[in-house]
Amino acid sequence: MSKVPSNGCLIADGERSLAESTHGTMLLEHAALEAIRNLAKYQQSEAYSVEENRFAYLATGCDVFLEQEPCAMCAMGLVHARAKRVFFRNRSSNGVLASGNWHLHLEPAINHHYQVFEVKIDNFDVNANASRHCGGIL
């Protein structure tokens with residue numbers, strides 16, 4: 001979690017970081033969606049070896065690390081990207097993964113599910129002024 005950009009998202013395959021992002025300035029430029037977009041760009045680049053992972057679809061088998069709990073839009077983007085596991089540090093007022101909330105990732109009607117972990121770190125506040133909702137704009 002220490003490598004996650006402030007108010008951002010990191011997508012990793014094991015020890016290797018594949019893509020990251022922070023919240024953009026536009027309303028729909030949430031960190032998770034921007035990181036998925038950056039992962040797609042990386043997978044289309046010459047740096048990505050198709051032979052190495054020829055059956056991968058975006059984030060298949062990848063872990064996603066977020067500073068903020070994702071909103072419904074970002075959580076669904078992670079479903080479509082086929083994330084394996086999602087880790088988040090801070091609960092969001094519009095989050096949909098933490099205990100007590102609706103669990104989009106467990107919705108029986110969707111065709112992919114991922115594991116979710118809320119990471120608790122004592123005496124650690126990455127950004128005391130960080131937004132407490134996914135998207136950073138409200």
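The values are calculated or read from the model by the stated rules, or taken from the named source; none is laboratory data. In this text the structure is predicted, and so the values were computed from the model without any measurement. Neighbour counts are summed over all protein chains in view; Cβ atoms, including those assigned to glycine, are modelled from backbone coordinates with ideal geometry. With ligands, DNA and RNA removed, areas are computed over all heavy atoms of the protein, side chains included. Shrake-Rupley method; radii C 1.70, N 1.55, O 1.52, S 1.80 Å.
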Of the residues in the range 3-49, those that are in contact with a Pro (Cβ under 8 Å, 6 or more places away or on another chain) and part of a helix (DSSP H, G or I) come to ALA31, ALA32
Looking across the range 95-124 at residues that are exposed (fewer than 10 other Cβ atoms within 10 Å of the Cβ) and modelled with pLDDT of 85 or more, the single one that is nearest to the chain's Cα centre (by Cα) is ASN111
Within the range 1-23, residues touching a helix residue (DSSP H, G or I) at 6+ places or on another chain (Cβ under 6 Å) and either open to solvent by less than 50 Å² (accessible area, probe 1.4 Å) or touching a residue at least 40 places away in the same chain (Cβ under 8 Å) (or both) come out as GLY8, CYS9, ILE11, LEU18, ALA19, SER21, HIS23
For the range 95-112, pairs from a residue that is within 14 Å of HIS80 (Cα to Cα) to a residue that is open to solvent by 60 Å² or more (accessible area, probe 1.4 Å) and part of a loop (DSSP other than H, G, I, E, B), with Cβ under 6 Å and 6 or more apart or across chains, are HIS105/HIS113; HIS112/ARG82
Of those in the range 62-83 that are in a helix (DSSP H, G or I) and open to solvent by 10 Å² or more (accessible area, probe 1.4 Å), the residue farthest from GLN43 (Cα to Cα) is ALA72
Within the range 84-94, residues being without any contact (Cβ under 8 Å) to a residue 40 or more places away in the chain and either of a type in the set (Phe, Trp, Tyr) or open to solvent by less than 10 Å² (accessible area, probe 1.4 Å) (or both) number 2
Against the definition (surrounded by 14 or more Cβ atoms within 10 Å (Cβ to Cβ) and either modelled with pLDDT under 80 or of a type in the set (A, V, I, L, M, F, W, C) (or both)), how does HIS133 come out, yes or no? yes
If you go through VAL79, VAL4, VAL86, VAL64, the only one that is at pLDDT below 90 and among the β-branched types (Val, Ile, Thr) is VAL4
(1) over 14 Å from the mean Cα position of the chain (by Cα); (2) at pLDDT 85 or above all hold for ASN127 apart from (2)
